[in-house]
Amino acid sequence: MIQGSYRFIQQEQVIWGRPAADAIAEVADGLGARRLFLVTSGTLNRRTDAIAAIRRRLGERVVGLFDECEAHSPQGSVLRTAGEIERAGPDLIVTIGGGSPIDTVKVAQIVLAEGLRSGEELVRFRVTTNPDGSWNVPPSKPSPVRQIVLPTTLSAAEFSNIGGCTDRARQVKDLYVAKYSCAQAVILDPAITVHTPEWLWLSTGIRAVDHAVESICSRAPNPYVDANSADGLRMLSASLRANKARPGDLDMRLQSQLGVWLASVGIGRVPWGASHGIGHQLGGVAGVPHGHTSCVMLPSVMRWNRAHVEAPLARIAQAFGEPGADAADLVQRLIAELGMPTRLADVKVGPEHYDRIAEASMQSPMVKANPRPITEPGQVKEILAMAQ
């Protein structure tokens, strides 16, 4: 008899199609929150009127704002964010932006819960891998304040309690997990996403495709995850092309957001593989943006794994509406049609980076969980060479 389980995160609701400012106010009212602290990106706050409109709607309940989150959530940025939150004393954090602000707040909640003051203290709470490939998640206290999230990209960081944080000294992007670090509520408003640069929107859409593909190809599959991931792929393959052709079509942008929700139910619930694990280190070592890491790695990882995941790859091709086709080719074609980078050379990663990326990748629990076993750095370099 097949055995398994699915663990739900501490997320209470997902709201879609409502104007952002109204939805935030309603969620805050429902939670009884009176002191709101906003975390967002500098671009969204300083170059658009989106954050100002939300602040006007929330009025005196806004007790502070931080807009200096850095890409790949380095330790220093996380610690600064936590310090600003602590000084303001909010009862709810409202995070507005993409994966970097969302992950920054996730890890900052561990900082706040444990009273951490340095990167040396923080790194003690990173996820490590046990000899059998399972995750060792250090326990942490509940955060004194939760977050709700209004995402502006398709990275799906809003649908997990896993946060990435870069240790620049070690040049490694670590993972952090805490029970209550996930968004208590998620608000999907396509109107605010029109401010997101096209490259960022579409590349993070491929990140969501990566979530679905590595969920379906997981070495420990789950029927609930498989079904949702397949539907998410079907929605994303159509809606991302529409987003490229008609960027102002809010209905199709919402379809992409809903597709991300479905495609990402496997985050933290089934083991992922080398596309995510190596991709994290492309960010930590070479500064490659989150979405671009999936664009340049996913097809090659699918090909490298092919003999170990034939049935899952057939399921992926079916979700793309082309049963019998090569799933890696279908994913690569979508990436190319969206005008995204398809090779490591396109994101300025070359053989001179391979050793550092490979060594860092061997510390990743996702690389160790790849469906085709990866036991030494040379195999990582093999995949990198395929993607070059």
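Within the stretch 346-358, restricting attention to residues that are open to solvent by 10 Å² or more (accessible area, probe 1.4 Å) and touching a residue at least 40 places away in the same chain (Cβ under 8 Å), the residue that is farthest from His292 (Cα to Cα) is Arg356. Take Ala212 and tell me if it is under 16 Å from the mean Cα position of the chain (by Cα), part of a helix (DSSP H, G or I) and of a type in the set (A, V, I, L, M). Judged against the criteria, Ala212 is a match.
Filtering the stretch 220-268 to residues that are assigned to a helix (DSSP H, G or I) and charged (D, E, K, R) leaves Asp226, Asp231, Arg234, Arg241, Lys244, Asp251, Arg253.
Number of residues in the stretch 340-374 that are outside any helix (DSSP H, G or I) and either over 18 Å from Arg303 (Cα atoms) or of a type in the set (Asp, Glu) (or both) equals 7. Condition (residue is without any contact (Cβ under 8 Å) to a residue 40 or more places away in the chain, farther than 25 Å from Arg126 by Cβ and not aliphatic (A, V, I, L, M)) applied to the stretch 7-21: is it met by at least one residue? No - not one qualifying residue is present in the stretch 7-21. With respect to Ala53, is the statement that it is closer than 19 Å to Ile93 by Cα, surrounded by 15 or more Cβ atoms within 10 Å (Cβ to Cβ) and not acidic (Asp, Glu) true? Criteria not met by Ala53.
Determine which member of the set Gly32, Gly83, Gly59 is of a type in the set (Gly, Ala, Ser), modelled with pLDDT of 95 or more and within 23 Å of Arg117 (Cα to Cα).
Working: Gly32 fails: within 23 Å of Arg117 (Cα to Cα); Gly59 fails: within 23 Å of Arg117 (Cα to Cα).
Result of the check over Gly32, Gly83, Gly59: Gly83.
Within the stretch 187-208, the set of residues being open to solvent by less than 20 Å² (accessible area, probe 1.4 Å) and over 20 Å from Val14 (Cβ atoms) comprises Leu202, Ser203, Ile206. Being touching an Asp or Glu at 6+ places or on another chain (Cβ under 8 Å), small (Gly, Ala, Ser), under 26 Å from Gly89 (Cβ atoms) and open to solvent by less than 70 Å² (accessible area, probe 1.4 Å) is the requirement here; does Ser118 meet it? It is false that Ser118 is touching an Asp or Glu at 6+ places or on another chain (Cβ under 8 Å), small (Gly, Ala, Ser), under 26 Å from Gly89 (Cβ atoms) and open to solvent by less than 70 Å² (accessible area, probe 1.4 Å).
Here is a yes/no grid of residues against (1) open to solvent by 20 Å² or more (accessible area, probe 1.4 Å); (2) polar (S, T, N, Q):
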site: Gly321; (1), (2): yes, no
site: Ala328; (1), (2): no, no
site: Val331; (1), (2): no, no
site: Leu344; (1), (2): no, no
site: Ala360; (1), (2): no, no
site: Thr375; (1), (2): yes, yes
site: Gln379; (1), (2): yes, yes
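All conditions but one from (1) farther than 30 Å from Arg124 by Cβ; (2) open to solvent by less than 10 Å² (accessible area, probe 1.4 Å) apply to Asp231; the one that does not is (2).
The values are calculated or read from the model by the stated rules, or taken from the named source; none is laboratory data. Everything numeric in this text was worked out from a predicted model, so none of it was measured. Neighbour counts run over all protein chains shown; Cβ positions are idealised from the backbone, glycine included. With ligands, DNA and RNA removed, areas are computed over all heavy atoms of the protein, side chains included. Shrake-Rupley method; radii C 1.70, N 1.55, O 1.52, S 1.80 Å.
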